[in-house]
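The values are calculated or read from the model by the stated rules, or taken from the named source; none is laboratory data. Source: prediction; values computed, not measured. Methodologically, a virtual Cβ is constructed for each residue, glycine included, from the backbone with ideal geometry; neighbour enumeration extends over all protein chains shown.
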Amino acid sequence: MELGFFSPSIRRDSLDSCIAVALSLAEKRGFGAVEFWMERNRPDSFALWPWELDRRNIKKLRSFFKNFKRTGVHLPFVYLNSVSPNPRIAKESIKQINLGIKKASELGALYCVGHARAWSSSYRSPNDDFKIFTELAAEWAALAERCGILFSLETAQEASFPIGELECMTQITEEVASPHFGITLDISKCLSNEHFFKAYGSVENWIEKYGEYIFNAHIRGQNSSGGTFLSLDSGHDFSGVFASLNKVGYKGSVIIEEASEEFLYESGFVEWHYFRKRQT
């Protein structure tokens, strides 16, 4: 496993400044992975929208990525809905994700992450939803294969995004049956709601049965946004999850999300949460 961070943790007034700070952070904390965000909610965030990735910015980020063992891109999701009943919203959402996959490939990323929150439906039957979700997933898996990149869908806890539950995502992954399509396991979200893993008894059980589907993993550093997910600063013992990941031979990255730059610089968090200790 490679521990890493998501790029919006860094906030500076230019892309060059963000890159310099991120490289310094990675060197000091020993981070071997990074996940760059294609959703820029703040003007000073280390993130860019897909259409902002012109040749100049791609060149800078490709060079930045070469400093890490595992690199990924998080595609836009908060403001999208690829299955919206409004056809223009759905069309534009799909267009942005398609562009993001292509740009992630140009950056030389190993994988890109889509989010279940970008697939929100409240007016169709569950069967119709599943059919549409699976068709879209298959299309993105095929595009990812053509681009030479992996596409993963991130778990989501919210009830309004049923596709984000482990059971539904497992079924979709089996239906798509592509080596270029898998799951990004959000550890904090999965552990925060028993309903999420009810069908399997525990998150650890799911990992040990379906570990081959995991392309990438996320964990919350802090609950700075007011969420209730279990995070590194909550004091929760994550050793069971890491033990299961090790048991199935997981070699991907674990990306610390929702963490300030200051939090990432603090010593002790990595070791305290059994990350490197449990790999030996």
Original post:
Of the residues Ser93, Ser82, Ser9, which is hydroxyl-bearing (Ser, Thr, Tyr), within 30 Å of Leu245 (Cα to Cα) and modelled with pLDDT under 95?
Top reply: Ser9
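In this structure, is Arg55 of a type outside the set (Gly, Ala, Ser), at pLDDT 95 or above and within 25 Å of Gly182 (Cβ to Cβ)? Break it down stepwise before answering.
Values: of a type outside the set (Gly, Ala, Ser): yes; at pLDDT 95 or above: yes; within 25 Å of Gly182 (Cβ to Cβ): no.
No, not satisfied.
Step by step: first the residues of segment 215-228, then only those that are surrounded by fewer than 21 Cβ atoms within 10 Å (Cβ to Cβ) and on the phi < 0 side of the Ramachandran plot, then the one that is modelled with the highest pLDDT. Which residue is that? Let's see the steps before the verdict.
First, pick out the residues of segment 215-228 that are surrounded by fewer than 21 Cβ atoms within 10 Å (Cβ to Cβ): 222-228.
Now drop any that are not on the phi < 0 side of the Ramachandran plot, which leaves 222-225, 227-228.
Numbers: Gln222: 70, Asn223: 65, Ser224: 58, Ser225: 56, Gly227: 58, Thr228: 61.
Among them, the one singled out is Gln222.
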Original post:
Do we have any residue at all in segment 51-58 that's in contact with an Asp or Glu (Cβ under 6 Å, 6 or more places away or on another chain) and either among the aliphatic types (A, V, I, L, M) or surrounded by 14 or more Cβ atoms within 10 Å (Cβ to Cβ) (or both)?
Top reply: yes
Subject >> Answer residue from segment 34-47, given it is touching an Asp or Glu at 6+ places or on another chain (Cβ under 9 Å) and modelled with pLDDT of 95 or more and is farthest from Ile214 (Cα to Cα) among those >> reply: Ala47
Original post:
In segment 69-96, what count of residues is obtained for those that are out of contact with any strand residue (DSSP E or B) (no Cβ under 6 Å at 6 or more places or on another chain), in contact (Cβ under 8 Å) with a residue 24 or more places away in the chain and among the aliphatic types (A, V, I, L, M)?
Top reply: 4
Subject >> Test for Gly72: is it modelled with pLDDT of 90 or more, within 25 Å of Ile255 (Cβ to Cβ), assigned to a strand (DSSP E or B) and not hydrophobic (A, V, I, L, M, F, W, C) >> reply: yes
Original post:
In segment 21-54, which residues are under 20 Å from the mean Cα position of the chain (by Cα) and hydroxyl-bearing (Ser, Thr, Tyr)?
Top reply: Ser45
**OP:** Give the number of residues within segment 245-264 that are among the hydroxyl-bearing types (Ser, Thr, Tyr) and under 13 Å from Phe31 (Cβ atoms).
**Re:** 1
Original post:
Using beta carbons and a limit of 9 Å, which pairs, at least six apart or on different chains, have the first residue in segment 122-141 and without any contact (Cβ under 8 Å) to a residue 60 or more places away in the chain and the second one assigned to a helix (DSSP H, G or I) and among the small types (Gly, Ala, Ser)?
Top reply: Phe133/Ala116
**OP:** Select from segment 14-60 the residues that are in a strand (DSSP E or B) and out of contact with any Gly (no Cβ under 9 Å at 6 or more places or on another chain) and list them in ascending order.
**Re:** Trp37, Ser45, Ala47
Original post:
Among the residues of segment 83-108, which ones are outside any helix (DSSP H, G or I) and either β-branched (Val, Ile, Thr) or buried (at least 24 other Cβ atoms within 10 Å of the Cβ) (or both)?
Top reply: Val83
